[in-house]
Amino acid sequence: FLLLLQKRSTDTVHSVTVDCTVTSRFAHTVMTSVALNRANTSQEIFFDVELPKTAFITNFSMEIEGQVYVGEVKEKEKAKQQYEKAVSSGQTAGLVKASGRKMEKFSVSVNVAASSNVTFILTYEELLQRKMGKYEILTRVKPKEPVQEFKIVADIYEPQGIAFVDAHATFLSNDLLPLVEKTVTDKKAHISFSPTLEQQRKCPGCDGTLIDGDFLINYDVNRAQSLGDIQVVNGYFVHFFAPPDLPRVPKNVVFVIDKSGSMGGRKIAQTREALLAILNDIHEEDHFGFVEFDDKIVPWKESLSKATTENVAEAIAYVKRIVDVGGTDINAAVLKGVDMLIKDKQANRLPERSVDMIILLTDGMPNSESHLPKIQENVRSAIGGNMSLYCLGFGNNVDYAFLDVMSKQNNGVARRIYEASDAALQLQGFYDEVASPLLSEVDLRYPDNTVEFVTTNHFSQLFNGSEIVVAGRLADNDLDNFLVEVYGQGEDFQVQGQASAINWNVVYPDEEYIFGDFTERLWAYLTIQQLLEKSKTGSSDEKGNATAKALDMSLRYSFVTPLTSMVVIKPETEDSTEAPLIANKLTEGKRGKGMKLCQNYFAHHCHCTLVSPAVDGDPHFMIELPDRNDSLCFNINDKPGTIFTLVRDTETGILVNGQIIGDKKIPPNGRINTYFWRFGIIHQALGVRLEVSTRDISVFQDSNRAKLLWSDSASLKAPNVDLVVSKDRSLTVTLKDSVKFVILLHKVWKKHPYHQDYLGFYTLDTHLLSPSVHGLLGQFYHGIDYEVTDLRPGEVLEKPDATMFVKGHQLNVTRGWQRDFRRDVKNGENIPCWFIHNNGTGLIDGDERDYIVSGLFKTV
């Protein structure tokens, strides 16, 4: 929970309160902050809070001088249309962006008059998920300075009875620990943490605060009966199913491991570390196998092995030898794993009552069969609903959306593994969640004439420590024939029982109000989540119907989901009229590409530090600004044969030059297209020199030379540089402890009358270059300040013009599109951008002629 002010000496954050009510796992959290402007002039106050990425925002309001400004949830497309001018000009910013692995940050600012105060209130809701035998309530608090009133309060109501409650925080010192108050009765828990102003201080009289980190509450409920717990409240029911004391079912698991060149270094080492830990813990009744893949498929053995002491020892020795090599053939690798499981089942080599699963770990894009829907179709057809596929995507460059859909089509889930020192623990943690199946093919049945609009009631697996949740609406309130039946495989599981309504006044007689519609909102939350999944994985008709229903329910229950936006109207100021802000829900595939609030009534610019510059096409330069959810682009036109400096960093000794090539002959329109066809890359400190052309790739180090061809997938590991070639597609250049470049090959039909093959150049890890880096691309690596205003009609209706203020220049720019080929080297992806005319004049430093050099490895 973070609240920022521009002038701390005259502003006071008066109070910060987090109030969470959990009723039968459904959490309703209200974050409130009050700030006072003590200055004698108006000032901008920023409100930043973090919320779990699994939650839906349901309400936001600001109260300023008695006037309340309330956010309204609208269909995303209508919100965009309504505020198209502001959105297009860059003046409207997203209020939500990704923050770490589990959270999203909601940000807003408002101008507050002298001696006035502002109250911010944000509300969000989520269904807590049971993992590893417990529920977690996570609250992130970062007030940045001691506040007059600071309070975290959580009230938990569980009719099943509370088994345990634990509350702790990452910032708790020995002095703060006693301030966490916890009261637990049979069915209710109350947790509070409310340090005084002085107790928050890092030291007596100083401005620093100890409150900075995560406040976590973990708990579980009593589970007395095998039927589970069925609660009926206000015409809706919810069924929680996690029976105690079930024996685990043996599992058969094939680990499909990406060992392509991009997995090199720490990734493959962490993968080995995780697999070794998993092998040491694997249950003796389980069967397991491995399939390594790059552009070749190499199974450890052609069939699965039982987890005997001897087989595990042999597997450990095998895992220690896994190293990174070449391309990424996900399609053939997964199909090989499926084939192994099917053949072993048919040959009766696996237990009759057992669960089959494949765990895929990859960090990249497939390149052997690169049409993603075709891979998904192949895998779905091969699996045929008979096993589960779990996809673990390593790092930020993986196509997470592709893995997410493919796993959900095959009774599994996808999980992102973050590149960090604990990646091995993340991998092992995921495996632990699925390591102990208890039941398979679980059916929860309810009488058709009694319930309607029931959420998913068939589940492929129930794992130890997890929980199945089903909710629905009662067709009538006659509960006499509300018979519930549950069937499952593993051991033959069958149980039935009668549901009854809960009288909350009896269960909690001292509580005047517990948000009484929680069962309905829980049902709506669960239904929307499942419809959103179906909108990605179903048939075309199912996708359309699911999307329409999810949108309707999101609007009806005021949830900010991927289909809706919360529109907040900021009050007028002397400098501006009412300004709309839009809060969108991030999907996992877009995390890390979230938007940053950049609207300040006193600062007419934004400094964006996350950039991803690239050059591709004719030659089209593009500077992506993920922090601002925006891009800038410009063309450089010169005669064929000209060599430009793209990147020059004198401190690190890195130089990248590129040479352009023209069409074979002048096209009918008289305009010759030019493209980059050759790059020269030098790292002086490492003694590395590369020449990359549309024909081949040459590497020079010391007196050695190696040559690679585009026609073969290959990798080369040298002491100071790693190269990975994906056949006729891309080259990834990783310089030791430094930046990474990706060069794409665009092949043109050999008999094309005009065009020729050309290259695209993309940069990763630009933060590893020094602040003095320059060049046509390098000058943008550490951010750029600019403002776009005065949106107006352009020459083309779909491409409005605007005024850009950048580097002291006032430029006329045009809203257009640029193609990013990293995901799809053939067709590319349209990226909206502001196009700067006249060879980037005013945006680039100096003139484009200043970047021309005399040779591919020259600096002048």
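The values are calculated or read from the model by the stated rules, or taken from the named source; none is laboratory data. For clarity, every value in this text was computed on a predicted model and none was experimentally measured. Backbone-built Cβ (ideal geometry, glycine too); neighbour counts: all protein chains shown. We work out accessible area using only protein heavy atoms, side chains counted, and drop any ligands, DNA or RNA first. Shrake-Rupley method; radii C 1.70, N 1.55, O 1.52, S 1.80 Å.
Quick rundown of the values:
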| read-out | value |
| --- | --- |
| Rg over Rh, two decimals, the range 621-853 (C-alpha only, Kirkwood Rh) | 0.97 |
| Translational diffusion of the range 11-223, µm² s⁻¹ [Kirkwood Rh, Cα pairs; Stokes-Einstein; 25 °C; 0.890 mPa s] | 130 µm²/s |
| Added length on full extension, which subtracts the Cα-Cα distance from 0.36 nm per residue, His767 to Glu136 | 223.7 nm |
| Sites Val153 and Asp492, calculated FRET efficiency, Cβ-Cβ separation with R0 41 Å, nearest 0.05 | 0.35 |
| Estimated inter-spin distance, Cys206 and Ser15, nm [label 7 Å along Cα→Cβ] | 2.9 nm |
| Carbon/sulfur fraction of accessible area - the chain, other protein chains in place, 1.4 Å, % | 47 percent |
| Listed pairs Lys267/Lys717; Lys78/Lys102; Lys142/Lys536 exceeding 26 Å between Cα atoms | Lys78/Lys102; Lys142/Lys536 |
| Label-point separation in nm, Val298 to Asn449, each point 7 Å along Cα→Cβ | 6.5 nm |
| With all protein chains modelled, accessible area of Val112 [1.4 Å, Å²] | 0 Å² |
| Along principal axes, Cα extents of the range 251-435, largest first, whole Å | 38, 35, 28 |
| Proximal aspartates and glutamates to Lys320, defined as alpha-carbon separation beneath 18 angstrom and excluding residues fewer than eight positions away on the same chain | Asp258, Glu273, Asp281, Glu292, Asp294, Glu310 |
| Expected 222 nm ellipticity per residue - DSSP helices of 4 or more, -39500 (n - 2.57), all of the chain, to 500 | -5000 deg cm²/dmol |
| Rg over Rh [alpha-carbon atoms, Kirkwood Rh] for the chain | 0.98 |
| Separation of the Lys747 and Ala347 label points, Cα + 7 Å toward Cβ, nm | 3.7 nm |
| Using a Förster distance of 45 Å, the FRET efficiency for Leu216-Leu709 (Cβ separation, nearest 0.05) | 0.25 |
| For the chain: accessible area per residue (Å², 1.4 Å) | 42 Å² |
| Given Lys76/Lys543; Lys134/Lys543; Lys251/Lys343, the pairs whose alpha carbons are separated by over 26 Å | Lys134/Lys543 |
| Calculated FRET efficiency for the pair Lys717/Tyr318, C-beta based, R₀ 22 Å, to 0.05 | 0.55 |
